[in-house]
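What follows is a set of notes on a single structure, which appears directly below.
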Amino acid sequence: MSTNGTKEKNNNSRKGYAIAIAIASIVIIALLIVIITMPKGGTPDPSPTDRVVILSPVATAYVTENVTPAPTATEVPATDVPTEIPTETPTATPEPTPTVVPTPPPTEVPPTEVPSHKPRVIDGTTSANPAYAGKRLVALTFDDGPQLGATEFMLDVLKKHNAKATFFCVGYQLSYGPNGELATRAANEGHQIGNHSYSHPSFGKLSDEKIIEQRDKNNELIKKLTGQDVTVFRIPGGYRSKHVREVIDLPIAQWDIDPLDWKFLNEDYIKKYAAENGMSYDEAESRLIDIILFEGLYTDLDGEYIFSPPVAYEMKHGSILLFHDIYPASAKAVDRLLTFLEENYGNFVYLTFDEFILTENDTIDAAKIYYSLWRTTPSD
Ligand SMILES: [Zn+2]
């Protein structure tokens with residue numbers, strides 16, 4: 001018993017010793033693990049959340065998707081997270097820049113006066129004259145010249161487009177030799193020369209004698225320079241009255257399309273527009289021509305209301321256009337307009353005033369004011 005008791009005692013001691021060694025080993029191993037895994041310097045490993053915060057948005061997005069558990073919304077603002085990592089940005093070509101000219105800011109458009117920009121050219125409305133079947137006939141008219149440079153440029157444009165026109169010349173312009181030669185050239189190239197008075201006075205203030213003098217002095221000059229007998233008159237400033245019409249005793253040509261080139265395409269206005277918009281002169285000129293032809297105008301640079309519909313979309317069979325051949329920009333506008341109409345319609349024909357009226361009338365009436373091929377005062 002005693003031996004057994006001793007053995008039992010020794011066994012118990014060995015068991016206790018082994019257990020102690022095992023516990024000590026576990027503790028040592030545990031300590032070793034702790035020491036090995038402890039980072040240098042003792043700084044705790046940043047949490048995944050901290051790592052997200054210090055990374056760039058791109059990396060954050062990547063980490064968010066691939067490393068960390070779903071972050072809370074406040075940690076990663078959605079607006080800062082690109083949907084793609086930059087290197088994966090598709091290389092597809094960007095959408096082309098629209099070639100459509102932007103519309104003017106809303107502040108330029110009076111709210112009660114928003115015109116339609118829909119073309120008013122109506123298909124099927126063409127000449128009633130069988131010789132011009134399917135054609136839209138238009139009278140281009142040019143006032144206040146001739147003038148060196150501008151008129152020359154206009155004649156070149158008309159030749160390029162095979163267009164005939166009517167030049168309402170002023171006597172004092174014609175009396176300067178080089179300008180007079182341009183009237184001669186215009187007549188030789190098939191254009192009509194109309195009378196726009198000798199010195200461009202206001203006819204409302206003139207006596208009948210002065211009106212007749214303004215007419216006759218210029219008629220003689222035109223005849224001398226061009227060989228043409230004047231058959232049409234345009235009163236300066238578009239002034240008209242029954243009495244003046246009767247005194248002049250020539251058919252009077254008005255117009256139904258007015259691009260306001262005298263206001264928006266003169267050199268001073270183009271310079272002002274260029275300065276206010278940070279453009280070169282050429283850029284401003286080109287932009288203003290586009291506005292006049294394709295967008296229309298609502299106010300001038302000073303904010304004064306002045307409505308002019310887009311000329312290119314007003315063009316129709318029977319129209320009379322009013323331009324001025326004293327601005328090079330007007331010649332450029334005519335060039336662009338005729339090019340546009342050729343490319344988009346292809347059936348406009350440009351005739352002198354007399355040819356134009358006579359396509360659908362037997363005579364041209366000296367008692368009438370013509371606004372278009374079909375609209376006159378007094379009306380039929
Ligand atoms: Zn004039």
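The numbers here are math on the coordinates, done by the rules we state, and not lab data. These numbers come from a predicted model, not from an experiment. With ideal geometry, Cβ positions are generated from the backbone for all residues, glycine too; neighbour counts draw on all protein chains shown.
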| note | The Rg/Rh figure for region 231-271, Cα atoms and Kirkwood Rh, to two decimals is 1.14
| said: Give me, ordered by chain and number, the residues 5 or more places off Phe348 or on other chains with an amide H under 5 Å from its own placed amide H. | reply: Arg136
| Charge sum, other residues only, whose C-beta stays under 9 Å from Ile252's C-beta, Lys/Arg counted +1 and Asp/Glu -1 | +4
| field | Mean Cβ neighbour count within 10 Å, used as a protection proxy, ranking 255-261, 125-131 highest first | value | 255-261, 125-131
| task | Subtract the Cα-Cα distance of Glu343 and Phe307 from 0.36 nm times their separation in residues, and report this length gain in nm to one decimal. | result | 10.3 nm
| said: Loop-only GluC sites (Glu not before Pro) in region 170-247, please: DSSP not H, G, I, E or B, and at most 15 other Cβ atoms within 10 Å. | reply: Glu189
| With each label point set 7 Å from Cα along the Cα-Cβ vector, what nm distance links Ser199 and Arg375? | 3.4 nm
| query | Fully extended, how many nm does the chain gain between Asn129 and Asn361 (0.36 nm per residue separation, minus their Cα-Cα distance)? | reply | 82.6 nm
| field | Sequence-distant residues sharing a close amide H with Ser175 (under 5 Å, placed H) | value | none
| message | On a 18 Å Cα-Cα criterion, which of the cross-link pairs Lys263/Lys332; Lys159/Lys217; Lys164/Lys332; Lys210/Lys368 come out too long? | response | Lys159/Lys217; Lys210/Lys368
| DSSP-assigned coil residues among GluC sites (Glu not before Pro) in region 273-380, each with at most 15 further Cβ atoms within 10 Å | Glu304, Glu360
| remark: Placing each pseudo-label 7 Å from Cα in the direction of the beta carbon, Lys271 and Asp300 end up separated by a distance in nanometres of 1.6 nm
| Tyr281-Asp208 pseudo-label distance in nm [points 7 Å out on the Cα-to-Cβ vector] | 4.9 nm
